[in-house]
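Structure first, commentary second.
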Amino acid sequence: MSPVSRPARTAVIGGGMAGCAAARTLVKAGREVVLFEAGEGLGGRARSWHRPEIEPHVGINLMYVSFYPLMTELIREYGLRDELVKISSDVYIVHKGRPVPLSSDSPLNLLKYPHAPLADRFRFLLWSLGEVRRRKQLDLFDPVKVAPFDDGTSAAELGYRKLSREGFDTLLRPQIEGFWNFACEKISAVHARALLAWLGGSEFYVFRDGMQVLAERNAEGADVRTGHEVTDLQTVDGGRVRVTARPASGEPVTETFDDVVVAVPAPIAAKLAAALPQEVVGAGTRRFLESQEYEPALSVSFLLDPAGLPSHAHIVAGGPDDPPLRNMITYPRRVRDEQGRPVDRLLVFAYPGRAVTRRLLGRPTEEQFAEVAPLLRTLWPDLAAEPQPFQIAERPFGFPIPAPGRYRRSVEVMRNQGAPVVFAGDYFNSPTTEAAMLSGVRAAEKLLGTR
Ligand SMILES: Cc1cc2nc3c(=O)[nH]c(=O)nc-3n(C[C@H](O)[C@H](O)[C@H](O)COP(=O)(O)OP(=O)(O)OC[C@H]3O[C@@H](n4cnc5c(N)ncnc54)[C@H](O)[C@@H]3O)c2cc1C
């Protein structure tokens, strides 16, 4: 009698967008999947907070942009279209104390934009149109496609060649740094080019209850163990991998798997890889993991009188410097007052610049609120309303920095990795949920031998 063959068992470490997408691919292929997540729920950096006293009750709800192909496909497959809420993308650039609207959708709006010299506005338009023509190759999510363009030039170097300093610092820099906070000097030019190729004409949405709904759907069929931080990986006889996890309470647990997807931020992945032998994680992959840098993110939110600021606005600092406050995003919310009556308020997410973020990370929340509240007026000088502290979210590994040449290196690492241990995460592609999911799918396909 032939022995009954059991399905291969795979551990996925990290329940963010990358790990959950990897789990989905593996479950679909018939694998038995155990997903370890250190946090209390799935979604990782894409997980929103919930506060029942406001309506809608979610905060830092990440944007799904109409040019995310994999996410679009999953939304369709899971029937999640009704979960989507369209949001407007009114961008204001604040330069020399003056907020001015800049819509990437309207060339006319661009031509009226006063912060940049007229010649730059024309050059910017022509540059954008040129990149739109190369859209297919300038894929913000797929390093395989963009790697050939990643020639070691930084976004700032390219921007200053294409536009005057003032033009670049008031047209493109604020749109990149206002979203990701990393300096254009530190990122690949191809990242800026891909953004130019895709931004115009895009539609922006959020998930009604937070983007984690998608992560949760992707993880269906896996044995999900939240509150389990993986602390150690070891190879054992026969090339299998022993995973040790520390539950939120109780003794560490150890289990052995046929293979593993490591889908945690690169510095944590580098630590987990340290105990594995060279033949399992090669020197190139280790160097890649160890060299990834992140820009941390600190989201400090306030409730304000709606008369104080425009609603549905993304208000961003212009100019070349690292400002004390990088951007504010404003959304209307209904709040219950002390008598239980509904009152209209603006929920304002304030994101400090790089230096202030680093200084405030991990500090007591009262200190964070107290330091950030006065900074709101650096972006909106006429703000009369008093900001009421509401909620803080810290992301120490906020945005992996796509350094010049990094897309080339990530393609090499992705190509060379294979069973029993593979890596996934947005640090392979771009700091977007779409890119994170794509990296998870690719890593899973490596284990399945289909890539
Ligand atoms: C403030 C902010 C706003 C953003 N806005 C947008 C947006 O609007 N649209 C968009 O597309 N993208 C946005 N992004 C980017 C997006 O959030 C990320 O690119 C994406 O979520 C990264 O997913 P990931 O799975 O690679 O990593 P993560 O989300 O970091 O997932 C890693 C998971 O691993 C877990 N983990 C860590 N260590 C361990 C361990 N030892 N054991 C077990 N589990 C562990 C973590 O808890 C986490 O859940 C934003 C990011 C930030 C910080």
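The values are calculated or read from the model by the stated rules, or taken from the named source; none is laboratory data. All figures in this text were calculated on a predicted structure; none of them were measured in a lab. Heads up, the Cβs are rebuilt from the backbone with ideal geometry, glycines too, and the neighbour counts pull from every protein chain shown. SASA here: full protein model, heavy atoms, side chains in, ligands and nucleic acids out. Shrake-Rupley method; radii C 1.70, N 1.55, O 1.52, S 1.80 Å.
How long is the gain from VAL85 to ARG341 if the chain were fully straight, where each residue apart is worth 0.36 nm and the alpha carbon distance is subtracted?
On the way: separation 256, 0.36 × 256 = 92.16 nm, distance 2.51 nm.
Full extension from VAL85 to ARG341 adds 89.7 nm.
Note on SER164 and THR450: their simple-model spin labels are 5.4 nm apart, each label 7 Å out from Cα toward Cβ.
So, with a 1.4 angstrom probe, what is the percent of accessible area on segment 208-333 that is carbon and sulfur? Don't jump to the answer; show the numbers that get you there.
Working: 2390 of 5020 Å².
Answer for segment 208-333 is 48 percent, counting heavy atoms of protein chains only.
Counting 0.36 nm for each residue step from VAL253 to LYS112 and taking away their Cα separation leaves a gain of 44.6 nm. To the nearest 0.05, what FRET efficiency results for ARG358 and SER5 with a Förster distance of 45 Å applied to their C-beta separation? That gives a FRET efficiency of 0.30. Can you give the local net charge around GLU338? Use residues other than it whose beta-carbon is closer than 14 angstrom to its beta-carbon, Lys and Arg +1, Asp and Glu -1. Taking every Cβ under 14 Å from that of GLU338, the sum is +1. Here segment 102-201 has 58 percent of its accessible surface on carbon and sulfur atoms, given a 1.4 Å probe and all protein chains in place.
Only loop residues by DSSP count here, and only those with at most 13 other Cβ atoms within 10 Å; note down the GluC sites (Glu not before Pro) in segment 41-86 that meet that. Walk me through the intermediate numbers first.
Details: sites: GLU53, GLU73, GLU77, GLU83; in loops: GLU53.
Here the sparse-neighbourhood loop sites are GLU53.
At 1.4 Å probe size, with the rest of the protein present, what percent of the exposed accessible area of segment 2-52 is carbon and sulfur atoms? Accessible surface attributable to carbon and sulfur in segment 2-52 totals 54 percent.
Summed over the residues of the chain and divided among them, the accessible surface reaches 42 Å² per residue at a probe radius of 1.4 Å.
What translational diffusion coefficient, to the nearest whole µm²/s, does the chain have by Stokes-Einstein, given a Kirkwood radius computed over alpha-carbon pairs, a temperature of 25 °C and 0.890 mPa s viscosity?
Values: Rh = 23.0 Å.
Estimated diffusion coefficient is 107 µm²/s.
Take the Cβ atoms of ALA393 and ASN416, set R0 to 30 Å, and the FRET efficiency comes out at 0.25. Given R₀ = 51 Å, what would the calculated FRET efficiency be for ARG377 paired with ARG208, taking r from the Cβ atoms and rounding to 0.05? In this case the efficiency is close to 0.95.
Charge tally for VAL144 (other residues, Cβ to Cβ under 12 Å; Lys, Arg +1; Asp, Glu -1): +1.
In segment 1-121, the DSSP beta bridges split such that about 50 percent are antiparallel, to the nearest 5.
I need to check one value: relative contact order of segment 288-444, counting alpha carbon pairs closer than 8 Å and at least 6 residues apart, in percent.
Once normalised by length, the contact order is 28 percent.
Each of VAL132 and THR226 was given a label point 7 Å from its Cα along the Cα-to-Cβ line. The distance between the two points is 4.3 nm.
Expected output is a single nm value to one decimal: the length gained when fully extending between THR365 and ALA283, i.e. 0.36 nm times separation in residues minus the C-alpha distance. What is it?
On the way: separation 82, 0.36 × 82 = 29.52 nm, distance 4.07 nm.
Working it through step by step, the gained length comes to 25.5 nm.
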